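Undergrad: First the structure, then my questions, so here it is.
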Amino acid sequence: MERHLSPGDRAPDLDLHDHLGNQVTMADLAGHSLVLYFFPAAFSPGCTREVCGFRDSKDAWQAAGYQLYGISAGPPERLSEFRDAHGLNHTLLSDPDFDAARAWGAYGDKSIDGQPTIGPLRSTFVVGPDGVLVSAEYDVDPGAHVTALLQRVSPAS
């Protein structure tokens, strides 16, 4: 099992391609408040529910000063199809070798239909403009955690 990150930890590096094939690194995102969420697979029911939750709350995240980024193993073309199919309004990043997922502790032991396996872990991170984690959540509920997290980190809360 990979080490889980905690609030106060420095955000690990990222060097990924977005759904359009453009390179995105943590250096590109420096100075911005971020929500980075790892989701296991585009087009799966739980991931679709989660990603659409971020889509539907994007205005509130922006009003609170955050940029949204979803990260999954699918290639950029697949993520672009997923984004278009669901009218997503934020950037999706491709992590085909799970390098970022491992660095962020979002890859490891899990259970699917009661069977133990190893793979990507549904995880969400809030990163301050200084590159330090404000929140690190693992094994999140795809339907409920978006709203709960927004309420916790929003300045209006």
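The values are calculated or read from the model by the stated rules, or taken from the named source; none is laboratory data. What you see is a predicted model, and the numbers here were worked out from it, not measured in a lab. Heads up, the Cβs are rebuilt from the backbone with ideal geometry, glycines too, and the neighbour counts pull from every protein chain shown. For the accessible areas, the whole protein counts, side chains as well, though only heavy atoms, and no ligand, DNA or RNA atoms are used. Shrake-Rupley method; radii C 1.70, N 1.55, O 1.52, S 1.80 Å.
Undergrad: Pairs only if they're at least six apart or on different chains, beta carbon under 6 angstrom, first in the stretch 97-120 and at positive phi and in a loop (DSSP other than H, G, I, E, B), second among the basic types (Lys, Arg) and surrounded by fewer than 17 Cβ atoms within 10 Å (Cβ to Cβ); list them, first residue then second.
TA: Gly105/Arg3
Undergrad: Among the residues of the stretch 72-107, what is the count of those that are among the polar types (S, T, N, Q) and either over 15 Å from the mean Cα position of the chain (by Cα) or open to solvent by 20 Å² or more (accessible area, probe 1.4 Å) (or both)?
TA: 3
Undergrad: Go through the residues of the stretch 42-51 one by one and say whether even a single one is among the hydroxyl-bearing types (Ser, Thr, Tyr) and under 19 Å from Ser154 (Cα atoms).
TA: No, the stretch 42-51 contains no residue that is among the hydroxyl-bearing types (Ser, Thr, Tyr) and under 19 Å from Ser154 (Cα atoms).
Undergrad: Please work out if Tyr69 is modelled with pLDDT of 95 or more, hydroxyl-bearing (Ser, Thr, Tyr) and open to solvent by less than 50 Å² (accessible area, probe 1.4 Å).
TA: So Tyr69 fits the description; yes.
Undergrad: Given the structure, is Ser44 open to solvent by less than 50 Å² (accessible area, probe 1.4 Å), among the small types (Gly, Ala, Ser) and touching a residue at least 24 places away in the same chain (Cβ under 8 Å)?
TA: So Ser44 does not fit the description; no.
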